[in-house]
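Shown next, in structure tokens, is the structure this report addresses.
The values are calculated or read from the model by the stated rules, or taken from the named source; none is laboratory data. Given the structure is predicted, the values throughout are model-derived calculations rather than measurements. No Cβ is skipped: glycine too gets one built from the backbone with ideal geometry, and neighbour counts run over all protein chains shown. Protein only, heavy atoms only, side chains kept; ligands, DNA and RNA dropped before computing areas. Shrake-Rupley method; radii C 1.70, N 1.55, O 1.52, S 1.80 Å.
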Amino acid sequence: MLSLLSIFGVFLLLCILLFFGAVYMESSKAEYPPGIACSAELRSLQRILSVFLVLSIAPWRNVYDKLCRHVSKRAGVVLVSVGYRLAPEHLYPAAFEDCLNASIHFLRTALDFGVNPSSVITCGDSAGGNLTAAVSQALVTRKDIPRPLAQVMIYPVLQMIDFNLPSYQQNRAVPLLLRERALFYLMTYVGRGDLSVSTDVLNGSHVPPDVRKEFSKWLSVDHIPEEVAGYMRCTGYTPHTMAAFDKNLYEKLKQVFEPSCSPLMADDTVLGLLPKSYILTCEFDVLRDEAILYKKRLENNGVSVTWHHIKDGFHGVMSFYDQWVCESGIQAMDSIVGFIKDA
């Protein structure tokens, strides 16, 4: 009996050491550039997030209730939060279809909740920003329901074409969304989360020649404002040339080029019908540049865009909206609420 207990004790100790070793390895990948907002709090949150990642738990699945209540109270609006299906159990387009169907249903029944259906605003952050953009595009061509008044996109995911935009290079190791983690989440969304294709996708082998040509003008760094892109002269940004096209890889991932998956791919005819828009970006966020490039496409098609850029912000900064130590989180929330109230 003593021998068995000793073996079990050694085994348990090894498991604990392996666990904390894995947590350390995960958290040590992160970098905190000079000037980033509330760095001490961000470090603590990244360590906690690392524990959840090692345990393969998605901690953000149940953290939005308090935030939504806050927005609803401050903006004085009815807020409907859609509990859409999540990957990897439910792959694209499940989440998009859930959000679209929920939006259509609410627009048809808004009066039952005391809401003017012509005053509805779609809103989401990160993956939710992707779904906001995709749903808004899907709704503008419908004739049987009122169109949303506006759309709010908070550091949204908008494309799965180029993972070497300047912001992806600059912020590849900045929490809370490291480049390798972003790529893993996006590939998981379309059923390729085993990372077997990650290197090839990172190099752009999945992008066919015609898409490269058509969208090179939209994904050009020339459209990134100087006040955001000025760092490129001093941080070693390297223009990236995509690797040779791999047709087999394209066949596995061709869904990512659908506008409902990558809203930046939408036709001008659709973009020109979109309502007034709000986009929030953060300097230290891998998703920064695609949101700015989407802003440019919207403006080119006559859409009014309110753009709020947080110069010391990071992906997920809005989660600090109620902490006085993080002025940028409070600023982000104030800007969003202000737009909703004035829309």
Scanning the range 295-317 for residues that are of a type outside the set (D, E, K, R) and out of contact with any Ser or Thr (no Cβ under 9 Å at 6 or more places or on another chain) gives Asn300, Gly302
Pairs, first without any contact (Cβ under 8 Å) to a residue 24 or more places away in the chain in the range 106-130, second open to solvent by 50 Å² or more (accessible area, probe 1.4 Å) and assigned to a helix (DSSP H, G or I), C-beta under 8 Å, six or more apart: none
Residue list for the range 270-286, restricted to those being touching a Ser or Thr at 6+ places or on another chain (Cβ under 9 Å) and either among the acidic types (Asp, Glu) or in a helix (DSSP H, G or I) (or both): Val270, Glu283, Asp285
From the residues in the range 63-81 that are touching a residue at least 24 places away in the same chain (Cβ under 8 Å) and assigned to a loop (DSSP other than H, G, I, E, B), which one is nearest to the chain's Cα centre (by Cα)? Val63
Cβ-Cβ distance below 9 Å, separation of 6 or more or different chains: which pairs start in the range 171-185 with a residue that is within 18 Å of Pro34 (Cβ to Cβ) and small (Gly, Ala, Ser) and end on one that is assigned to a loop (DSSP other than H, G, I, E, B) and open to solvent by less than 40 Å² (accessible area, probe 1.4 Å)? Ala173/Ala30
From the options Ala134, Ala95, Ala87, residue that is part of a loop (DSSP other than H, G, I, E, B), within 15 Å of the chain's Cα centre (by Cα) and of a type in the set (Gly, Ala, Ser): Ala87
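What's the total number of residues in the range 297-343 that are of a type in the set (Gly, Ala, Ser) and in a helix (DSSP H, G or I)?
Qualifying residue count for the region: 6.
Going by the conditions given, is Asp222 part of a loop (DSSP other than H, G, I, E, B), farther than 24 Å from Glu31 by Cβ and either open to solvent by 40 Å² or more (accessible area, probe 1.4 Å) or of a type in the set (Gly, Ala, Ser) (or both)?
no
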Can you spot a residue in the range 287-296 that is under 18 Å from the mean Cα position of the chain (by Cα), outside any helix (DSSP H, G or I) and surrounded by 18 or more Cβ atoms within 10 Å (Cβ to Cβ)? yes
Just to be sure I understand the filter: pairs with C-beta atoms under 6 Å, separated by 6 or more residues or on different chains, first member in the range 203-223 and at positive phi, second member at pLDDT 90 or above. Which pairs pass? Gly204/Met242; Gly204/Ala243
Could you check the range 25-46 and list, in sequence order, the residues that are surrounded by 13 or more Cβ atoms within 10 Å (Cβ to Cβ) and modelled with pLDDT under 80? Glu26, Ser27, Lys29
